[in-house]
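Single-structure report; data block below.
Read-outs: derived from the displayed coordinates by stated rules, not from any lab. Computed from a predicted model, the values in this text were never measured in an experiment. Here the Cβ positions follow ideal geometry from the backbone for every residue, glycine too, while neighbour counts run over all protein chains shown.
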Amino acid sequence: MPLNMKEELYMDALRESVTYCIPAGLHDWSVKALRRAMTGDEKIRALETLLKVCSAEGCFWEGLNAIDQLIGDPDMAEHRSRLLFLAGEMSVGLYEYDKATGYYARSLACPIRTKNQHIATVTKLGFCNLYRQDFKGAGEWSRWAIKLGPGSWEAWKNLGVSLEHQNQIEEAFLAYFKAVFLSRGRVVPVMHLTRLSQRHPGVVPDVGGLRPKIYREYCIIF
C-alpha cells in the first residue's frame, strides 16, 4: 500500500512545532523596526523577528510580501541567499512546494552564503522533493546534504523517507536510525523509525543482523 504523503510527511511540522508565546505588540514592533532599519544587518534582524511572528500566527503571505520588498534592496546583497531561503520557508508554510523549490534553488545559486546556509538549503530541497513525490531526486539531494554536513539529522530523515518510498527498507531503517541517533531521540525520526518497524515486521532486521555493506555506507555509530 503506497504511503500517504499528507499523513507521513506531514505531520512532521506539527510534531516538531513549539507553541510560541508571542509578546503583545511584537508584530507591530518588528514592522516598525523593519521600516526604520538603515543597514542590511538591521533589516535582516528585523525581518527575521517579523517572520517568526508570521510563522507562529500562520501569516505566511505577509512574510513573503515583506521578503519581496527587500529582495531588490542594494543593502541586502550579502543577505540575498538568506532572503531567498526564508522565502522558501514561507512557501513551505503555504504548502507551495514547487514555489519553495524555486526559492531554495535560487538561494543555492547565490555566490555569498555560509556553509550552514548551504547545508540547510540542500536539505530543504530534499524535503520539498519528498512532497513532490520525486523520491529519487529527494534521495540525491539528501545524500548531498549528508556529504556537506554528516551531522544533519534532518537530511538523514529525508533520506530515510526517500528510501522507504523506493522500497529499500533496510537502508531506510538505517537512515532513520542515524537520524534518531544524531537528533538525540527527537520525535520525528523516532516516529518514522517506529512506523517503519511496525509496517515491516520481520523485514527490518535486528541491528546486529544488518548487512555489513550498509554499515559501511552509512557509518552507523552505536
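Which links in K32/K124; K115/K157; K32/K157; K43/K178 stretch past 28 Å when you go from one Cα to the other?
K32/K124; K32/K157; K43/K178
Can you tell me the length gained on complete extension of the stretch Q166 to R195, counting 0.36 nm per residue apart and subtracting the Cα distance? Mind showing how you got there, number by number?
Numbers: separation 29, 0.36 × 29 = 10.44 nm, distance 1.59 nm.
This chain segment gains 8.9 nm when fully extended.
Between A109 and D73, what is 0.36 nm times their sequence separation minus the Cα-Cα distance? Round to one decimal in nm.
On the way: separation 36, 0.36 × 36 = 12.96 nm, distance 1.81 nm.
That works out to 11.1 nm of additional length.
Arrange E78, E89, E154, E62 by Cβ neighbour counts within 10 Å, fewest through most, would you?
E78, E62, E89, E154
Tell me, E42, E171 in order of fewest to most beta-carbon neighbours within 10 Å?
Lowest count first: E42, E171.
Which three extents, in whole angstrom, do the alpha-carbon atoms of region 43-111 cover along their principal axes, largest first?
Principal-axis extents of region 43-111 (Cα, largest first): 30, 26, 14 Å.
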